[in-house]
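Report on the following structure.
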Amino acid sequence: MIDLQAFGERVITNLERVIVGKRRTLELVVIGLLCEGHVLIEDVPGVGKTVLARSLARTLGGTFHRIQFTPDMLPSDVTGTSIYNQKTRRFEFRPGPVFGQIVLADEINRATPKTQAALLEAMEERQVTVDGVSHPLPRPFMVLATQNPVEYEGTFPLPEAQLDRFLLRVRLGYPSPADEIRIMEEQQLTHPIEHIEAVVGTEEVLEAIRSVRHIYVSPAVKRYIVELTGRTRHSEDVYLGASPRGSLALFRTGQARAALRGRDFVLPDDIKALAVPVLAHRIILAPAARLRELSAERIVREILYSVPVPGGDYRVEVAAS
């Protein structure tokens with residue numbers, strides 16, 4: 001079986017050559033990769049969102065496609081279209097930019113809801129249906145979508161169904177003064193991304209994805225996950241709580257985080273560390289909570305404080321399983 005801790009360390013270390021001082025965010029992106037999930041990067045311009053996606057594709061040696069979303073885009077600009085070939089007298093499918101292993105959906109909330117919906121099938125079922133014919137997407141397949149949380153003019157907020165398909169929502173944030181100086185020094189002559197090379201191959205990535213699924217999750221931790229997700233549905237400050245997809249997301253990401261730390265079992269600490277990036281974007285706040293300027297992140301943290309952490313040995317059944 002592949003050494004998942006060593007695999008994650010190679011990928012994260014390689015990404016750190018370009019993205020400086022953001023190890024926790026890079027770990028979350030690698031967790032998304034190991035879970036075959038998609039990541040929404042919500043942050044201000046200029047902090048490295050696009051560079052992160054390009055660096056990940058180079059690190060994996062996979063294909064990278066960028067989609068710059070604009071209000072005038074059509075769904076076919078994302079998925080592809082059928083074109084009539086006069087020689088063969090048949091329609092031939094021309095794949096769109098979504099047919100890549102690492103797909104950057106840049107400023108996704110600038111596209112109309114109709115165009116945003118073009119990604120729904122791709123993100124959930126990993127296929128695209130055009131003219132009644134389904135076309136499978138390559139593996140691994142990961143969407144890294146970006147959006148600006150500050151400027152909302154000319155944007156279309158992502159609907160609940162779209163947000164729910166993102167495994168994680170992360171933020172890079174501004175670098176520290178020391179890291180910002182290092183960024184300037186490293187980019188004085190050339191950009192570090194020009195020197196990034198693949199450190200893992202596609203088959204190794206797929207093997208890592210398969211291996212993560214064998215990480216043990218005890219019944220107590222499973223109940224803890226369900227309790228956390230259930231509390232989001234019954235909070236007075238929440239209009240719409242996390243769906244069962246949120247519970248499954250916590251389950252999968254918990255397995256990946258445990259693997260990156262060299263464990264073959266999940267701890268409640270793994271779940272606590274992932275609750276905010278996994279659940280916060282799946283919550284729709286109640287009007288009263290918005291008036292009090294509450295955030296979804298704060299509500300999730302309050303739920304974490306209120307739900308008792310299960311005790312016991314989380315490895316008891318590992319040998320028997």
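The values are calculated or read from the model by the stated rules, or taken from the named source; none is laboratory data. Predicted, not measured: the structure shown is a model, and the values here were computed from it. Cβ: placed from backbone, ideal geometry, glycine included. Neighbour counts: every protein chain shown.
General remarks:
- Checked against the criterion of being closer than 26 Å to Leu60 by Cβ, over 14 Å from the mean Cα position of the chain (by Cα) and aliphatic (A, V, I, L, M), the candidates Ala118, Ala145, Ala105 yield just one match: Ala118.
- Every pair of residues 6+ apart whose Cβ atoms lie under 7 Å, when the first sits in the stretch 273-297 and is more than 16 Å from Leu28 (Cβ to Cβ) while the second is small (Gly, Ala, Ser): Ile283/Gly241; Ile283/Ala242; Ile283/Ala296; Leu285/Ala296; Ala296/Ala280
- The set of residues in the stretch 125-135 that are part of a loop (DSSP other than H, G, I, E, B) and under 24 Å from Arg90 (Cβ atoms) comprises Asp131, Gly132.
- As a summary of the residue check, Ala122 satisfies the conditions (1) of a type outside the set (Phe, Trp, Tyr); (2) at pLDDT 85 or above; (3) in a loop (DSSP other than H, G, I, E, B) except for the one numbered (3).
- Hits in the stretch 154-182 (condition: aromatic (Phe, Trp, Tyr) and closer than 30 Å to Tyr239 by Cα): Phe156, Phe166
- Test: residue in the stretch 70-77 that is within 22 Å of Val130 (Cα to Cα) and surrounded by 23 or more Cβ atoms within 10 Å (Cβ to Cβ): no
- Residue in the stretch 233-256 that is farther than 27 Å from Met142 by Cα and without any contact (Cβ under 8 Å) to a residue 12 or more places away in the chain present: yes
- Number of residues in the stretch 48-71 that are touching a residue at least 60 places away in the same chain (Cβ under 8 Å) and within 18 Å of Glu204 (Cα to Cα) equals 8.
- Residue within the stretch 146-162 that is among the hydrophobic types (A, V, I, L, M, F, W, C), surrounded by fewer than 14 Cβ atoms within 10 Å (Cβ to Cβ) and assigned to a loop (DSSP other than H, G, I, E, B) present: yes
- Where strands (runs of 3 or more DSSP E) fall wholly inside the stretch 22-110, the ranges with 3 or more residues that are within 30 Å of Ile215 (Cβ to Cβ) are 39-42, 102-106.
- Whichever residue in the stretch 183-227 is touching a residue at least 40 places away in the same chain (Cβ under 8 Å) and basic (Lys, Arg) and, among such residues, is surrounded by the fewest Cβ atoms within 10 Å (Cβ to Cβ): Arg223
- Some residue of the stretch 32-47 being under 19 Å from Val199 (Cβ atoms), touching a strand residue (DSSP E or B) at 6+ places or on another chain (Cβ under 8 Å) and not assigned by TED's automatic domain parsing to the domain that holds Phe265: yes
- Filtering the stretch 172-182 to residues that are within 17 Å of Lys49 (Cβ to Cβ) and surrounded by fewer than 17 Cβ atoms within 10 Å (Cβ to Cβ) leaves Gly173, Tyr174, Asp179, Glu180.
- The residues of the stretch 241-266 that are outside any helix (DSSP H, G or I) and either of a type in the set (D, E, K, R) or surrounded by 23 or more Cβ atoms within 10 Å (Cβ to Cβ) (or both), listed by number, are Ala242, Arg261, Arg263, Asp264, Val266.
Yes/no per residue for (1) modelled with pLDDT of 90 or more; (2) part of a helix (DSSP H, G or I); (3) in contact with a Pro (Cβ under 8 Å, 6 or more places away or on another chain); (4) β-branched (Val, Ile, Thr):
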| residue | (1), (2), (3), (4) |
| --- | --- |
| Asp179 | no, yes, no, no |
| Gln188 | no, no, no, no |
| Glu203 | yes, yes, no, no |
| Ser211 | yes, yes, no, no |
| Tyr239 | no, no, yes, no |
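- Of Leu167, Leu137, all but one fail to be in contact with a Cys (Cβ under 8 Å, 6 or more places away or on another chain) and surrounded by 17 or more Cβ atoms within 10 Å (Cβ to Cβ); the exception is Leu167.
- Taken over the stretch 291-321, the residue count meeting the criterion of being polar (S, T, N, Q) and either at pLDDT 90 or above or not in a loop (DSSP other than H, G, I, E, B) (or both) is 1.
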